[in-house]
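The values are calculated or read from the model by the stated rules, or taken from the named source; none is laboratory data. Since we're looking at a predicted model, the values are computed, not measured. Here the Cβ positions follow ideal geometry from the backbone for every residue, glycine too, while neighbour counts run over all protein chains shown.
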Amino acid sequence: MPQVIEWTGAGAEDIVWRYPAEDITWGAQLIVHEYETAVFFRDGKSYDTFGPGRHTLTTLNLPLLTKAFSRVAGFTETPFKAAVIFISMKQFAGKFGNKAQTTELAPLMTFGSYWLKVESPELFVNEAVGGQNAYSTSGVNDFLRGFINERMIDDLSKYDLVTVFTRLDETSGQVKASLVEYFRRIGLQLVDLKFEGIDTTPEYRERLFWLKAGKMPPEEVLRMETVKEAAKELGKSSGAALGTGMVLVPPLFQTPAAPGAPAVALVICPSCSAQIPSTSKFCPNCGKSLSTMPTQPSQVPSQKCTKCGEILPTGAKFCHNCGTKL
């Protein structure tokens, strides 16, 4: 009775299956079902490929193996050594999830779905199955998830946080276009890819809020975060007095003026009484809208340091320039 090589019991989600025996006899019956391809693989390289149908194995329908190993003693004898790898040509769906970083090193968490199918069985066997020793569906799935995450992390690192969140359709389209080429190199066709969720850490989520809702320039947001960190550190110090904090923190809110331009005046926020730049649309301390404030707010009264002459807010107890107690 001739040897029968057939993939039986294939599940709906199975991508690849390797015939368990490598001893192949001449005259064996190779049965390939619809939506399947059988690839002969030996010594790290794919050779002859068979589509759906019943095939009697001879030197005539295994020309690549016959040619490649015609000089190998005993190759025309039976049995000969080769792996038969069955590939499903159906479309498959999968999930991805990764942690990336943007251009400003903001943490970025994404997850979603992808759909793919084998485009070149020979290339897929060379690069993803035999090349990675992934001879099972679970092994191939692990490789594909790692492959997608690695490429996606690399692509997302080229964008800043605001671009990713405000132009997600455009960003995901460009990432998908890049992945299409990557997949083609391993014999796969990326049919579709969709982002289903995207997030960052609370710290960068707050920064994103200011950049989007407050329309504050990035340098203003960074200054606001510096104030918060400075206040936090001052609060940790056992020797820090309230007066010191009141002097050190407000100057950080002052927007640097361009060379030759007058300094931006400070005003008092009607909600939290913090000193803020008069050009602010939102209070960088409490987040309240300043649209109801007078259009010409009065400047904060000032005084001079008796030692170095630095201009200081009235009520300051220490000079933020030289440290003199007032």
### Message
Being at pLDDT below 90 and either exposed (fewer than 14 other Cβ atoms within 10 Å of the Cβ) or not in a loop (DSSP other than H, G, I, E, B) (or both) is true for just one of THR66, THR8. Which residue is that?
### Response
THR66
### Task
Quick one: count up the residues across the stretch 27-38 that are farther than 22 Å from LYS90 by Cβ and surrounded by 14 or more Cβ atoms within 10 Å (Cβ to Cβ).
2
### Message
Residue pairs, Cβ under 9 Å, 6 or more apart or interchain, first in the stretch 187-204 and more than 19 Å from GLY112 (Cα to Cα), second assigned to a strand (DSSP E or B). List them.
### Response
GLY187/VAL118; GLU203/PRO107; TYR204/PRO107; TYR204/LEU108
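The rows are residues; the columns are (1) closer than 20 Å to ALA134 by Cα; (2) touching a Cys at 6+ places or on another chain (Cβ under 7 Å); (3) not β-branched (Val, Ile, Thr).
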position	(1), (2), (3)
VAL4	no, no, no
GLY9	yes, no, yes
PRO20	yes, no, yes
LEU30	no, no, yes
ASP43	yes, no, yes
LEU60	no, no, yes
LEU64	no, no, yes
LYS67	no, no, yes
LYS81	yes, no, yes
#### Entry: Qualifying residues in the stretch 183-204 (those that are surrounded by fewer than 14 Cβ atoms within 10 Å (Cβ to Cβ) and part of a helix (DSSP H, G or I)) - the one modelled with the highest pLDDT
PRO202
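Residues are listed down the side, and each one gets a yes or a no for (1) under 30 Å from LEU208 (Cβ atoms); (2) out of contact with any strand residue (DSSP E or B) (no Cβ under 6 Å at 6 or more places or on another chain):
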site: ALA82; (1), (2): no, no
site: GLN91; (1), (2): no, no
site: THR102; (1), (2): yes, no
site: THR110; (1), (2): yes, no
site: VAL118; (1), (2): no, no
site: LEU123; (1), (2): no, yes
site: GLU127; (1), (2): no, yes
### Task
Kindly indicate which of PHE75, PHE86, PHE41 is surrounded by 13 or more Cβ atoms within 10 Å (Cβ to Cβ), over 30 Å from LYS158 (Cα atoms) and modelled with pLDDT under 90.
PHE75
## Note on the structure
For the stretch 100-146, the count of residues that are touching a residue at least 60 places away in the same chain (Cβ under 8 Å), outside any loop (DSSP other than H, G, I, E, B), under 23 Å from SER172 (Cβ atoms) and not β-branched (Val, Ile, Thr) equals 11
